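Asks: Dumping the structure here so I can ask a few things about it.
The values are calculated or read from the model by the stated rules, or taken from the named source; none is laboratory data. For clarity, every value in this text was computed on a predicted model and none was experimentally measured. Here the Cβ positions follow ideal geometry from the backbone for every residue, glycine too, while neighbour counts run over all protein chains shown. Areas reflect the complete protein model, heavy atoms only, side chains present, ligands, DNA and RNA absent. Shrake-Rupley method; radii C 1.70, N 1.55, O 1.52, S 1.80 Å.
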Amino acid sequence: MIETHLSRRLFLGGASAAALMPGAALAQSDGRKTLAFAATCRELAGFDTIPNALVAGAARAFPDEDRTALAEKTASPDLSKSLLKTLYTGMYSPEDGDPTRFAYAEALMYAAVEDSLNVPSYCGGVPGYWAEKPVSA
Amino acid sequence: MVAHRAAQAGLKVSILCDGPQVQREDLVDRFRSSDPQTMMSPYPPVPHAPQPQVARTDDYLIQKGPHAYDQQYIRAVGGTTWHWAAAAWRYLPNDMKLKSRYGVGRDWPLDYWDIEPWYQAAEEEMGVAGPEDAPFDAPRSAPYPMPAAPLSYMDQVFHEKLTALGYDHVSAPQARNNQQVYDGRPPCCGNANCMPICPIGAQYSGNIAVEKAQAAGAELITNAVVHHLEVGDDGEIIAARYLTPSREEFRIEADRFVLAANGIEGPKILLMSTQENAPEGVANSSDMVGRNLMDHPGTSSSFDSEVPLWPGRGPNVISAITSLRDGDFRSEHAARKLMILNMNPVEGIAKAAIDEGLTGTELREAVRHRTARRQVITAFHEQLPDPSNRIRPSTEGKTDRLGLPRPEIHYDVGDYVARAAEDTRKRVERIAETLGATASSVEHNEGYLPNNHITGATIMGDDPRDSVVDADCRAHDHPNLWISSSSTFPSVSSVNVTLTIAALALRMGEHIVNEARP
Ligand SMILES: Cc1cc2nc3c(=O)[nH]c(=O)nc-3n(C[C@H](O)[C@H](O)[C@H](O)COP(=O)(O)OP(=O)(O)OC[C@H]3O[C@@H](n4cnc5c(N)ncnc54)[C@H](O)[C@@H]3O)c2cc1C
Ligand code: SF4
């Protein structure tokens, strides 16, 4: 049901995982780690595909050792929650620092509801569309 | 709006604004890229003119309690309506007769019908869409400029349930283009971001009046922080003094002055302007400047409806319960307007679900399920004027970057509101039950929420001994000074104040023009 509404995101998520990391010539082990990190993101978040902007942004936001722990599935519950919040909001919010946004419209929280709600600040449809019953009401 | 009218009539007009001119596209970009997205994130910081933020008002507003007066406003050309919800209500005739009708508060020195034509003019200027003959909407001499905005699906379901409970539930009058172009602005297409920035300008905002005034010949001086009004020996205001961001001082003389610097900065300017000809500050021979501060102390309650209604489709607030706006109960407790919030709640829901430890498909489904069902009802409560609720320049020498005193606020909401707020919460619990919510899903805010309707601190009245301006919003003490702000209102009612500010501004503009060009 939800998947049928994800075409824009599927397209965005279709690029190869190696392209997620800055710098083209990644060592093979880095490439594997990147793939594993992306897989953790998908599994934890409950999405088959995730926009590049989000996975790459999260990968940049977390320190190397956290990224490794997440990729190797040895992360603490708190670290996993922190990754999930980053992916769902498009913003990395470390406990002891200021948050940094790297994505907005792509954030998974909006993807989770996009069949019925537009991302705020983007036009929702023809004027008055909101009087219609939402598709999943 | 006053400047526009005066410039149209050929008067020489200068508009002083403490902040910069801003562009809608830049505001939208700033909003989308800001880290936490708050009401203020689209707006550039103005270091020389601090803007209080609800989340951190203690940076600027000094709260002396017992309740916080956590207001928030924008200091830029166009002001705070850049990020309003465009709810454009008229006062009811009884809202202006609280004392004589219910024995509480104060009466206006005006009758509703004195300003009815100006309400109509303001609605036409701003482009208001509203319902005809709706219960507890003010009487009118002509139709709303645009028909009422359609209710969202969520509002329609509420409407059915609320009507069965005996409430009057109506499409709220709103200064937002409803399915048509109005005044060259596009129809609202439900960007669902009215607060903090409408990306397409479908709703009215104050910058529109400034742009029209400029087109009619008014001069705009930006980054000019007015801090002192000079009073001549005859009691007339002779000049306004302002500071630039680098603390350079300028002085501008004029025949007439209109103070329109919101309900906190305006009274603060008057109180800072102590001088030989105005020892207690400008317009303050009554000692009422800064006093009688009011707002709509707010409640907000959330609950989970049984079926998905999907709040967040269309404008941020579309409908309201009006039945409690007026009645004999006002002699005992506050009038109220209740609103069904139509803002996308997904962010808070997603974070809470993650904190609970949900992951994978379970998380994603929980986010959908809860977002579709999370309902919020807010309420504005009418507060009575009390001279001990006041704003004044810091009494402890606390200053902003320009060295100007920060606003210090003493504010106590009082029992008149407390009694009504308790009743509001019970009513919301009953409404939630009707929508199939479990009692455990109902959550009420603690205390009172601010609603940015900054009212009372230059109060209007017939008697110069206990009021600051007369029925024309002209200072009793200074015949060439007018105040355009909700700070002149003797009662706050239970509805948003800006349409009434606009109606009085248009009326004032006409008076000024007639006086200058008899
Ligand atoms: C989130 C939010 C939602 C709201 N929603 C609604 C709504 O739906 N309906 C409604 O009726 N009202 C609403 N309001 C309230 C509404 O915004 C205010 O009533 C309205 O903006 C007040 O107009 P004003 O001109 O008095 O003040 P402002 O709009 O604040 O304008 C004051 C202007 O004066 C300038 N200024 C201030 N001090 C100085 C100085 N010292 N020197 C020079 N210039 C100065 C400022 O830069 C600004 O341009 C809302 C407010 C907020 C914060
Ligand atoms: S719903 Fe959208 S288009 Fe309509 S006023 Fe609000 S932000 Fe503007």
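Asks: Just to check your reading of the model, which residue among B:E132, B:E124 is part of a helix (DSSP H, G or I) and out of contact with any Leu (no Cβ under 6 Å at 6 or more places or on another chain)?
Replies: Selected residue: B:E124, the only one of B:E132, B:E124 that is part of a helix (DSSP H, G or I) and out of contact with any Leu (no Cβ under 6 Å at 6 or more places or on another chain).
Asks: A further question follows. Only one residue in B:S14, B:S33, B:S41 is hydroxyl-bearing (S, T, Y) and crowded, with 18+ Cβ neighbours inside 10 Å, so which one is that?
Replies: B:S41
Asks: Sticking with this structure for a sec: Could you grab me the full set of residues in the range B:127-163 that are more than 25 Å from the chain's Cα centre (by Cα) and of a type in the set (K, R)?
Replies: The answer is B:K161, and nothing else.
Asks: Additional query: Condition first: open to solvent by 10 Å² or more (accessible area, probe 1.4 Å), within 12 Å of ligand 1 (Cβ to nearest atom) and assigned to a loop (DSSP other than H, G, I, E, B). Now tell me which residues in the range B:486-518 satisfy that.
Replies: B:N496
Asks: Still on this structure, I have one more. So for the range B:450-467 (the condition being within 16 Å of ligand 2 (Cβ to nearest atom), modelled with pLDDT of 95 or more and either in contact with a His (Cβ under 7 Å, 6 or more places away or on another chain) or within 14 Å of another protein chain (Cβ to nearest Cβ) (or both)), does at least one residue qualify?
Replies: Scanning the range B:450-467, I find no residue that is within 16 Å of ligand 2 (Cβ to nearest atom), modelled with pLDDT of 95 or more and either in contact with a His (Cβ under 7 Å, 6 or more places away or on another chain) or within 14 Å of another protein chain (Cβ to nearest Cβ) (or both), so the answer is no.
Asks: Next question, about the same structure. Of everything in the range A:106-131 that's more than 15 Å from ligand 2 (Cβ to nearest atom) and open to solvent by 10 Å² or more (accessible area, probe 1.4 Å), which residue is farthest from B:A149 (Cα to Cα)?
Replies: My answer is A:E106.
Asks: Would you check if B:E116 is more than 15 Å from ligand 1 (Cβ to nearest atom), in a helix (DSSP H, G or I), surrounded by fewer than 24 Cβ atoms within 10 Å (Cβ to Cβ) and among the acidic types (D, E)?
Replies: It is true that B:E116 is more than 15 Å from ligand 1 (Cβ to nearest atom), in a helix (DSSP H, G or I), surrounded by fewer than 24 Cβ atoms within 10 Å (Cβ to Cβ) and among the acidic types (D, E).
Asks: Look through the range A:68-81, keep the residues that are in contact with an Asp or Glu (Cβ under 8 Å, 6 or more places away or on another chain) and part of a helix (DSSP H, G or I), and return whichever of them is farthest from B:N193 (Cα to Cα).
Replies: Looking at residues that are in contact with an Asp or Glu (Cβ under 8 Å, 6 or more places away or on another chain) and part of a helix (DSSP H, G or I), I get A:L79.
Asks: Also, quick follow-up: Does B:A76 satisfy being within 16 Å of ligand 2 (Cβ to nearest atom), of a type outside the set (K, R) and modelled with pLDDT of 95 or more?
Replies: No; evaluated as a whole, the condition is false for this residue.
Asks: Tell me which residues, restricted to the range A:37-95, are aromatic (F, W, Y) and within 12 Å of chain B (Cβ to nearest Cβ).
Replies: Result: A:F47, A:Y88, A:Y92.
Asks: What number of residues within the range B:350-362 satisfy the criterion of being within 8 Å of chain A (Cβ to nearest Cβ) and surrounded by 23 or more Cβ atoms within 10 Å (Cβ to Cβ)?
Replies: Adding up the residues that qualify gives 2.
Let's see how each residue does on (1) touching an Asp or Glu at 6+ places or on another chain (Cβ under 6 Å); (2) among the small types (G, A, S); (3) away from ligand 2 (no atom under 16 Å from the Cβ):
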{"residue": "B:D183", "(1), (2), (3)": "no, no, no"}
{"residue": "B:I197", "(1), (2), (3)": "no, no, no"}
{"residue": "B:G201", "(1), (2), (3)": "no, yes, no"}
{"residue": "B:K212", "(1), (2), (3)": "no, no, yes"}
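Asks: For the list (1) of a type in the set (F, W, Y); (2) farther than 20 Å from B:S467 by Cα; (3) away from ligand 2 (no atom under 16 Å from the Cβ), I need the number of the one condition that B:W82 fails.
Replies: Of everything listed in (1) of a type in the set (F, W, Y); (2) farther than 20 Å from B:S467 by Cα; (3) away from ligand 2 (no atom under 16 Å from the Cβ), B:W82 misses just condition (3).
Asks: A further question follows. Those residues that are within 13 Å of chain A (Cβ to nearest Cβ), in contact (Cβ under 8 Å) with a residue 12 or more places away in the chain and open to solvent by 10 Å² or more (accessible area, probe 1.4 Å), I need them from the range B:150-175; list them, please.
Replies: B:P150, B:L151, B:Y153, B:V157, B:H159, B:S171
Asks: Please specify each residue of the range B:169-197 satisfying the condition of being in contact with a Gly (Cβ under 9 Å, 6 or more places away or on another chain), of a type in the set (A, V, I, L, M) and within 12 Å of ligand 1 (Cβ to nearest atom).
Replies: Of everything in the range B:169-197, those that are in contact with a Gly (Cβ under 9 Å, 6 or more places away or on another chain), of a type in the set (A, V, I, L, M) and within 12 Å of ligand 1 (Cβ to nearest atom) turn out to be B:A172, B:A175.
Asks: Next up: I want to confirm something. Restricting to the range B:448-469 and keeping residues that are more than 16 Å from ligand 1 (Cβ to nearest atom) and open to solvent by 40 Å² or more (accessible area, probe 1.4 Å), which single residue is nearest to B:H511 (Cα to Cα)?
Replies: B:D462
Asks: Counting only residues that are open to solvent by 10 Å² or more (accessible area, probe 1.4 Å) and of a type outside the set (A, V, I, L, M), how many does the range B:285-310 have?
Replies: 9
Condition check ((1) more than 15 Å from ligand 1 (Cβ to nearest atom); (2) of a type outside the set (A, V, I, L, M); (3) within 14 Å of chain A (Cβ to nearest Cβ); (4) closer than 23 Å to B:A121 by Cα) across all residues:
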| residue | (1), (2), (3), (4) |
| --- | --- |
| B:G65 | yes, yes, no, no |
| B:T81 | no, yes, no, yes |
| B:P93 | yes, yes, no, yes |
| B:K99 | yes, yes, no, no |
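Asks: Which condition does B:P135 not pass, out of (1) more than 24 Å from B:F303 (Cα to Cα); (2) crowded, with 18+ Cβ neighbours inside 10 Å, if it passes all the others?
Replies: Unmet condition: (2).
Asks: On to the next question. Would you kindly identify the strands (runs of 3 or more DSSP E) lying entirely within the range B:372-437 that contain at least 2 residues that are open to solvent by 30 Å² or more (accessible area, probe 1.4 Å) and over 30 Å from B:A350 (Cα atoms)?
Replies: Where strands (runs of 3 or more DSSP E) fall fully within the range B:372-437 and carry at least 2 residues being open to solvent by 30 Å² or more (accessible area, probe 1.4 Å) and over 30 Å from B:A350 (Cα atoms), they are B:390-393.
Asks: Turning to a different aspect of this structure: Can you give me the number of residues within the range B:198-215 that are under 26 Å from B:S14 (Cβ atoms) and either open to solvent by less than 10 Å² (accessible area, probe 1.4 Å) or within 12 Å of ligand 1 (Cβ to nearest atom) (or both)?
Replies: 8
Asks: I'm checking my understanding of the structure. Among residues of the range B:179-197 that are within 25 Å of B:R5 (Cβ to Cβ) and touching a residue at least 12 places away in the same chain (Cβ under 8 Å), which one is farthest from the other protein chains (Cβ to nearest Cβ)?
Replies: Among residues in the range B:179-197 that are within 25 Å of B:R5 (Cβ to Cβ) and touching a residue at least 12 places away in the same chain (Cβ under 8 Å), the one farthest from the other protein chains (Cβ to nearest Cβ) is B:D183.
Asks: Which members of the range A:102-137 meet the condition of being outside any loop (DSSP other than H, G, I, E, B), free of Cβ contacts under 8 Å to residues at least 12 places away in the same chain and closer than 25 Å to B:D35 by Cα?
Replies: Hit for the range A:102-137 is A:Y110, nothing else.
Asks: Looking at the range B:311-330 only, could you name the residues that are open to solvent by 10 Å² or more (accessible area, probe 1.4 Å) and either closer than 30 Å to A:C123 by Cα or under 18 Å from the mean Cα position of the chain (by Cα) (or both)?
Replies: B:R313, B:V317
Asks: Please specify each residue of the range B:25-84 satisfying the condition of being in contact (Cβ under 8 Å) with a residue 24 or more places away in the chain and part of a helix (DSSP H, G or I).
Replies: Once the filter is applied, which keeps residues that are in contact (Cβ under 8 Å) with a residue 24 or more places away in the chain and part of a helix (DSSP H, G or I), the range B:25-84 yields B:L27, B:V28, B:F31, B:V54, B:G79, B:T80, B:T81, B:W82, B:H83.
Asks: Here's a check for you: in the range A:96-137, which residue that is more than 22 Å from B:V28 (Cα to Cα) and touching an Asp or Glu at 6+ places or on another chain (Cβ under 7 Å) is farthest from the other protein chains (Cβ to nearest Cβ)?
Replies: Ranking the candidates gives A:V135 first.
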